[in-house]
Amino acid sequence: MNILVVTNTWPSLSEVFVKNLVDGLLERNSSVTVLCKKSKGSRTTGYHGHGGSILYFTAKKTIVTMIHLLLVLPVFFFLKPSAFFSLWGNLAIHHDFSTLLAPLAWFQVRNERFDAIHCQFGYLGNIGLILKKAGITTGPVISSFRGSDISSYYKRKPTVYRVLKRKGDLFFPVCAEFRDRLVRLGFPEKSIRIYHSAIELKDFPFRSTNLIHDSELRIVCAGRLVEKKGFSYAIEALRHLVQKDPGYRMVIAGDGPLAEELRKTAVCEGVADHVQFTGWVDQETLRSLLEHAAVFLATNIESKSGDTDGIPNIVKEAMATGVPVVAFDHPGLQELIVHRTSGLLVPSRDVPGIISAIEELRNETLRKKICKNARQTIEKEYSKEAQARYLEQLIQENSEK
């Protein structure tokens, strides 16, 4: 298969799921072109020698992008008049003006033909529709919904999916909660498939934790330092744990707008000496953190703005590694974790519940059972191989209609 993957950023530490998707497809001998808006760091056009390619449809400077757009629009009108008028018609309906970049995306792949276009965030599906209208594919336009695109982003731009839900071919929410939201928004239920973000199992080999005998009981949290990650609850729980056992330590890996506020929270809670803020870490450092963790704590919540996560990949990676997970019963995490079987779930924002769950993991029998079952869950349902195979199946089924 020849698949076009449309995404925001490449490479991106916070969007490793895109790389895992592409890797899985390439290893199954599909051809993949990654078409993205921008890069974090240096731009590249090759893909690790696997035959995939990476293309950018915006320039590094906004003014240069605008000049390119002005030059490409007349060409787009002359060569693809139907797509040109669809672009403006769609804009009038959904008011998603980022779709104006679609002619630049088309220009990058104008000589290619793909079996499917997979847009990695819901709003990118509007660009995918224009690419299909321009003849880039006769197969399905697939739009994945991963978090903010079905929560806070949609609240800010409530008209963004007016066209997509009528003209898109497949919609991939990453969890059941997001599926239900799409149905409530009027997306056709027959076109919705839950499609989980995949992880690279080889990067997270299984090991056994030794919580009881470790002199330092290390709790690891990871993610962007924003409200929806709920790290303030983790720090509050640490204060109570340290009072019971000064051997507890916490590592919070990630960066974001709440970094300074969370450091101040650690000081106010009296646990600044027990918390390490690492800033952004690469995959190798993350693996090392998990290898030395006694517990992984996921305190995901819905923010005041409505922003929420689906099923965070970092939780899957912890489960794959063999780190027992304690998590708030956030909808996506309820789907991932079976309580007392593959992890421990506590009510959202329940700090005493966190404390009890972490202390419960001192039971060696329970801990070993949870870790074993968690690894099996990830291998069966969340590996990049399984998800690549499922994607190809769905493309084939929808191309035959």
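All of the numbers you see were taken from the coordinates with simple rules; none came from a lab. Keep in mind that what you see is a predicted model, and the values were worked out from it rather than measured. As a convention, Cβ positions derive from the backbone with ideal geometry for all residues, glycine included, and neighbour counts pool all protein chains shown.
For semi-axes √(5λ) of the Cα gyration tensor in Å, the candidate list reads [x] 40, 21, 19; [y] 52, 23, 20; [z] 36, 26, 20; the entry that matches the value derived from this model is [x].
Helix 62-79 and the longest principal axis of the C-alpha atoms of the chain enclose an angle of approximately 40°. Each label was represented as a point 7 Å from its Cα along the Cα-to-Cβ direction; for Cys268 and Glu189 these points are 4.5 nm apart. Each peptide in 345-353, 321-329, 60-68, 133-141 gets a packing score, the mean of other Cβ atoms within 10 Å over its residues, and the list from highest to lowest is 321-329, 133-141, 345-353, 60-68.
Peptide packing: for 225-235, 297-307, the average count of neighbouring Cβ atoms within 10 Å per residue gives the ranking 225-235, 297-307, highest mean first.
A full extension of the chain between Lys155 and Asp282 corresponds to an added length of 42.5 nm, given 0.36 nm per residue minus the alpha carbon distance. Checking the Cα-Cα distances for Lys133/Lys157; Lys80/Lys384; Lys19/Lys157; Lys61/Lys316; Lys38/Lys380; Lys38/Lys304 against a 31 Å cut-off, the pairs over it are Lys80/Lys384; Lys61/Lys316; Lys38/Lys380.
Within the straight-line cut-off of under 18 Å between alpha carbons, the aspartates and glutamates reachable from Lys155 are Asp96, Glu177, Asp180, Glu227, Glu302, Asp307, Asp309, sequence neighbours fewer than 8 places apart in one chain being disregarded. Label separation (Asp203 vs Glu260): 3.2 nm, computed from points 7 Å beyond Cα along the C-beta direction.
Straight Cα distances below 15 angstrom link Lys132 to the aspartates and glutamates Glu112, Asp115, Asp169, with same-chain residues fewer than 8 positions distant left out.
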